[in-house]
Amino acid sequence: MTAQCIMVLGTTSGAGKSWLTTALCRYYARQGLKVAPFKAQNMSNNARVVASVNGQGEIGSAQYFQSLAANAVPDVRMNPLLLKPERDTHSQVVLMGQVSPELTNLPWRGRSLKVWPQIAAALDELRAENDVVVIEGAGSPAEINLSSSDIVNMRVAKHCNAACLLVTDIDRGGAFAHLYGTWALLPEDERALIKGFVLNKFRGDASLLSPAPEMLQEMTGVPTVAVLPMWWQHGLPEEDGVFDDRSVARGSVNLTVAVIAYPRISNLDEFQPLKNIPGLRLQWVRSPSELAGLKPGDWIILPGSKHTSGDLAWLREQGLDAAVAQHAERGGAVLGVCGGLQMLGEALIDPHGIDGNAPGLGLLPLVTVFAEDKTVRHTSTRFTSSWQAQAEGGMAGGLMLPNAQKSAPGHAPSGSGVGRGDARTASPWASLAGVPVSGYEIHHGQTAQHVAMAVAGNLAQAVLPDDLGWCNAAGNVMGVYLHGMLEDAAVLQALFGARLQGEVPTLDKVFDGLADYIGNHFDAGVLDAMVAR
């Protein structure tokens, strides 16, 4: 095993493990080292499609971004075990990129013996192929109720003799107690692996921290090696949930995009690029009142869901179903992605007990049937070129609204720079006609036209081939199976045009910014010493 292993542990969930691991991956990659990320077990409904021995599989989005930061090709060994919560007490288990019904049905503590050999093998392979492996822990390593079945924190650290950093969120308060308490609950052999404490999300005068770091070092022997100031706009999406609820925008707001944040929201990270578009406000919504101020030109997005029928029931309990329908009736733009697409249809049918049966929102004449096998793949395709012809040709294909407004739904008034396309075009998506798009699919559902409605002449307009996307007759409601559409440069250019020029940071710039940040705020020489032979 050749790689030096650096591990980022946290005193709590949300302490900053994921982004610090990402920053370290880029920091060491810029030193000319061959780097790979690793997280033994991730619990997240944000997943990406990557290479596996079976072709393609799933890993947590955080490890996907970490691999890109490391200039590595993402593969399933970087996150061998992925738990995708479907309910409060149940998760789908993905091992080495593939759904495992056997492990899904096992109790939590019954899994560790079965999965540890594959986790250890994946880590050892990465160690053999790289100079540095940057490892992310999960939750806290001091959850002593789980230590006997641990497969993600100190068992991993001991397996590879990792040099560990323990990070805490000082903005929450109690940071020094969190650090000391975590250290104190660890056995001696595990304490010895903690090489530095990191205070994250600090706001204020760093000189006021003294003498706490010095006292902590006296008690533990562990130095505080970094104080990282609060940084709201670092550019990485949140991994575990919708923590960034602030509705902010660059410049004056002329387009609001409201994303429904239901309990089992998945792949929310794909909306991160929207935060960087001038004049666009990205808003996470959980109640009808938050949609009350939307204009017809604003968007509502129904994102992916790990439990579509459950999130659809929640949507109805909140009264959001009526609010979404009212926005669509006014000609407002509604976009459904994967689970959101399934919700927009007439019905969910579940013959195998995968997700659940439910009536849909009825905004698209479609029906979804859940299959036993899961579709997991990268997809490159193109929006149908006939779309533009229909928009230009009036009502042919149904993409023009009668008495169309002077500006199209989803587009600001002419000259504002938001959107592009003819002002007569009622469909907010018409500028996507013929545009190439790449993304990924992760879904059990298979969606098709509602047969009886189709016979009656009520057809959804196919906007992507191979049953990947449809639009309603009016052109303002669209559903797609393709995750990552709003990360695609060609799609962003088509929807937002000249406003993007030189203003949206690339991922590489984001990663470089993270590496610069930790390079500036860690004590001199600490990061380099951790990988020195």
Checklist entry - Exactly one of (1) touching a residue at least 40 places away in the same chain (Cβ under 8 Å); (2) out of contact with any strand residue (DSSP E or B) (no Cβ under 6 Å at 6 or more places or on another chain); (3) small (Gly, Ala, Ser) is unmet by Gly457. Its number? => result (1)
Checklist entry - Which is within 30 Å of Lys84 (Cβ to Cβ) and at pLDDT 95 or above, of Trp470, Trp429? => result Trp470
Checklist outcome for this item: Residue pairs within 7 Å by beta carbon, gap of at least six or interchain, first lying in the range 5-26 and not assigned by TED's automatic domain parsing to the domain that holds Glu136 and assigned to a helix (DSSP H, G or I), second crowded, with 24+ Cβ neighbours inside 10 Å and at pLDDT below 95, listed first then second, are none
Next on the checklist: Looking at (1) in contact (Cβ under 8 Å) with a residue 60 or more places away in the chain; (2) outside any loop (DSSP other than H, G, I, E, B); (3) farther than 11 Å from Ile301 by Cα, which one does Asp355 not meet, given that it meets all the others?
Outcome noted: (2)
Checklist entry - Which numbered condition trips up Glu58, out of (1) in the same structural domain as Thr168 (by TED's automatic domain parsing); (2) not in a helix (DSSP H, G or I)? => result (1)
Checklist outcome for this item: the range 92-206: strands (runs of 3 or more DSSP E) wholly inside it with 2 or more residues that are in contact with a Cys (Cβ under 7 Å, 6 or more places away or on another chain) and surrounded by 17 or more Cβ atoms within 10 Å (Cβ to Cβ) are 132-136, 194-202
Checklist entry - Among the residues of the range 282-303, is any under 17 Å from the mean Cα position of the chain (by Cα) and part of a loop (DSSP other than H, G, I, E, B)? => result yes
Item to check | Residue check, Gly57 touching a strand residue (DSSP E or B) at 6+ places or on another chain (Cβ under 7 Å) and either of a type in the set (Val, Ile, Thr) or modelled with pLDDT under 95 (or both) | outcome: yes
Checklist entry - Within the range 399-407, can one find any residue that is more than 17 Å from Lys295 (Cα to Cα), modelled with pLDDT of 85 or more, in contact with a Gly (Cβ under 8 Å, 6 or more places away or on another chain) and in a loop (DSSP other than H, G, I, E, B)? => result no
Checklist entry - Does the range 191-198 contain any residue that is over 30 Å from Lys306 (Cβ atoms) and in contact with a Ser or Thr (Cβ under 6 Å, 6 or more places away or on another chain)? => result yes
Next on the checklist: So in the range 213-249, with the set limited to residues that are among the β-branched types (Val, Ile, Thr) and modelled with pLDDT under 75, which one is surrounded by the fewest Cβ atoms within 10 Å (Cβ to Cβ)?
Outcome noted: Val248
Item to check | Which numbered condition Ser252 misses (of (1) modelled with pLDDT of 95 or more; (2) assigned to a loop (DSSP other than H, G, I, E, B); (3) surrounded by fewer than 14 Cβ atoms within 10 Å (Cβ to Cβ)) | outcome: (1)
Item to check | Looking only at the range 4-46, and only at residues there that are touching a helix residue (DSSP H, G or I) at 6+ places or on another chain (Cβ under 6 Å) and β-branched (Val, Ile, Thr), the one that is nearest to Glu441 (Cα to Cα) | outcome: Thr22
Checklist entry - Which pairs do you get when a residue that is closer than 11 Å to Gln41 by Cα, found in the range 110-121, comes within reach of a residue that is in a helix (DSSP H, G or I) and of a type outside the set (A, V, I, L, M), reach meaning Cβ atoms under 7 angstrom, with the pair 6+ apart or on two chains? => result Ser112/Ser149
Next on the checklist: Looking only at strands (runs of 3 or more DSSP E) that lie completely in the range 433-528, which have at least 1 residues being within 30 Å of Val227 (Cα to Cα) and under 20 Å from the mean Cα position of the chain (by Cα)?
Outcome noted: none
Item to check | Odd one out for Val73, checked against (1) at pLDDT 90 or above; (2) closer than 20 Å to Ala261 by Cβ; (3) surrounded by fewer than 22 Cβ atoms within 10 Å (Cβ to Cβ) | outcome: (2)
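The values are calculated or read from the model by the stated rules, or taken from the named source; none is laboratory data. All of these numbers come straight from a predicted model, not from anything done at the bench. Heads up, the Cβs are rebuilt from the backbone with ideal geometry, glycines too, and the neighbour counts pull from every protein chain shown.
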